[in-house]
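Engineer: One structure follows; several queries about it will come next.
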Amino acid sequence: MRRADDATYLIFRASGGSPGIDDLRSQVGRLDFGVWRPDLLHLKVPSLPVWNSLAWWGLHQARLFHSRQYSVLLVRDGQRIVHRSCIMPAWFRWPFMDTDDIQITATWTEPDQRGRGIATLAAQMIVATARPDQTVWYATRELNRSSVAVSRSAGMELAGTAFRTKRFGLRPLGSLVVQLKEPPPDA
């Protein structure tokens, strides 16, 4: 049951494979984009709290995600990590996603690097490197102006709204209940 004080989420989406990756690489400048992938020796994601790192690593290892696409895009300026965007596969908490879809989540940018377009560029890179048959999702609280701006600047379309539910009285076991907008009629 939804409570009046629960946050409303905006759900954005984009089709994988666009814009062109070569065009994006020309915008990178001195930044280095790399991908962290979980394995038996790499449990902790740099810049992500330990609890999230271990929980998501465990879900990946237990194969509770619908695919093996869990990874993290890390942006470095020299040796310093200045941005992180987690790439999460579909799972029971996001029932609106198809099996092979991915979602951009748990994004973070160093405070002194915010406002420079790094998060938008990271989102564009994730969309550009996704397969053309994949949908890339981005869920954010309606009041998170920065994430809303990143989604829009990255060329993602507003797909609908959502709110979180609880399962067995626990938010971590709940899901996002989404009300997708009607797709535009074919032209």
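The values are calculated or read from the model by the stated rules, or taken from the named source; none is laboratory data. Since the model is a prediction, treat every value here as computed from it, not as a measurement. Cβ sites come from the backbone with ideal geometry, for glycine too, and all protein chains shown count toward neighbours. These accessible areas exclude ligands, DNA and RNA; they are computed on the full protein's heavy atoms, side chains included. Shrake-Rupley method; radii C 1.70, N 1.55, O 1.52, S 1.80 Å.
Engineer: Can you tell me how many residues within region 119-165 are of a type in the set (Gly, Ala, Ser) and either part of a loop (DSSP other than H, G, I, E, B) or open to solvent by 80 Å² or more (accessible area, probe 1.4 Å) (or both)?
Structural biologist: 4
Conditions tested, residue by residue: (1) on the phi < 0 side of the Ramachandran plot; (2) at pLDDT below 90; (3) within 16 Å of the chain's Cα centre (by Cα).
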| position | (1), (2), (3) |
| --- | --- |
| 26 | yes, yes, no |
| 29 | no, yes, no |
| 34 | yes, no, yes |
| 37 | yes, no, yes |
| 55 | yes, no, no |
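Engineer: Of the conditions (1) open to solvent by 10 Å² or more (accessible area, probe 1.4 Å); (2) more than 23 Å from residue 180 (Cα to Cα), residue 100 clears all except one; give me its number.
Structural biologist: (2)
Engineer: If residue 95 meets every condition in (1) open to solvent by 30 Å² or more (accessible area, probe 1.4 Å); (2) under 21 Å from residue 171 (Cβ atoms); (3) in contact (Cβ under 8 Å) with a residue 24 or more places away in the chain; (4) not in a loop (DSSP other than H, G, I, E, B) apart from one, which number is that one?
Structural biologist: (4)
Engineer: Restricting the search to region 48-73, which residues are open to solvent by 30 Å² or more (accessible area, probe 1.4 Å) and closer than 16 Å to residue 85 by Cβ?
Structural biologist: 49, 52, 56, 69
Engineer: Same structure, new question: Just a yes or no: is a residue in region 108-118 in a strand (DSSP E or B), at pLDDT below 95 and of a type outside the set (Gly, Ala, Ser)?
Structural biologist: No: zero hits.
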